[in-house]
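Read the structure below first, then the notes.
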Amino acid sequence: MGKADCPKITGCIVTYNNSDKIERVIESILRQTEGINFSLIVSDNHSEDNTANIVKSRFPQVTVIENPTNGGFGKANNAAIPLLDSDYHFIINPDIFLSYDAVSAFVEYFESHSDVVMAVPKLLYEDGTEQFTPKRTPTLKYMLAGRLERFGGIFKRWRDEYTLRGENVTEPFDCGFCSGCFICIRTDIFKKIGGFDERYFLYSEDADLTREAQKYGRTVYLPQISVTHLWERAYMKSGKYFFIQISSMIKYFLKWRRGGL
């Protein structure tokens, strides 16, 4: 897929103190999208480690939004909406690396599946092994399992069920949770939704966006497309992030409780 016959594509990376890896991330994305009609935005949440300046000096072709405060992941993504004039938009974590042109693979799939509005890839660790993230619609037991799976037993079974671990998924299927670390969404749908619900500072905003997108079409997991994700699971290491996650879970269930949750 070359620039001449390629739809217009945008991507946004939200950063906050990511100076340690942001150059490598952007280099991999720009390298793999070099031959297509792709433009990249970095929305920086008032980093204290010079992230925004690093991006501006190293990558003049990248548009940098410097948010005055850290308003959260969703709000920073939404700051890019006025700049989007694309057909497809990618939401990209600052710890995602591309080893091939996964962006074009997504676009080709969307172009032949008009009923699909949002999709996510298979996630891999740096060693190439699969990273199991949620794929079913969140329920209280599934979300608790993410925190308690280390105790094994029923919590691990719930987590495996939530992430489809052990099911050897090889074909695309409709999923209830599109992980926000790497999402492709039709830009017009993203705008109709109004972007992310900014009541979520962090966590659950991607599950919420999935539910909103499903009002307009299918949300799909594409195991034939993969990206590398340096997953740190900060909420497992920090009390602060754990409480942010709990707060987001409560907001999610209060918003969607009429949907059977």
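The values are calculated or read from the model by the stated rules, or taken from the named source; none is laboratory data. Values in this document were obtained by computation on a predicted structure and should not be read as measured data. All Cβ positions, even for glycine, are placed from backbone atoms using ideal geometry, and neighbour counts span all protein chains on display. Surface accessibility is based on the protein's heavy atoms, side chains included, excluding ligands, DNA and RNA. Shrake-Rupley method; radii C 1.70, N 1.55, O 1.52, S 1.80 Å.
Computed quantities for the displayed model
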item	result
Restricting segment 121-142 to residues that are in contact with a helix residue (DSSP H, G or I) (Cβ under 8 Å, 6 or more places away or on another chain) and hydrophobic (A, V, I, L, M, F, W, C), the residue that is least open to solvent (accessible area, probe 1.4 Å)	Phe132
Residue within segment 172-188 that is surrounded by 15 or more Cβ atoms within 10 Å (Cβ to Cβ) and assigned to a helix (DSSP H, G or I) present	yes
Flag for Ile54 being over 20 Å from the mean Cα position of the chain (by Cα), buried (at least 19 other Cβ atoms within 10 Å of the Cβ) and under 18 Å from Phe97 (Cβ atoms)	yes
Residues that are of a type in the set (D, E, K, R), over 12 Å from the mean Cα position of the chain (by Cα) and in a loop (DSSP other than H, G, I, E, B), drawn from segment 89-140	Asp101, Asp115, Glu126, Asp127, Lys135, Arg136
Residue match in segment 229-242 (condition: at pLDDT 95 or above, under 16 Å from the mean Cα position of the chain (by Cα) and of a type in the set (Lys, Arg))	no
Some residue of segment 143-161 being surrounded by 14 or more Cβ atoms within 10 Å (Cβ to Cβ) and either at pLDDT 95 or above or of a type in the set (S, T, N, Q) (or both)	no
Residue match in segment 177-199 (condition: charged (D, E, K, R), farther than 23 Å from Ala79 by Cβ and without any contact (Cβ under 8 Å) to a residue 40 or more places away in the chain)	no
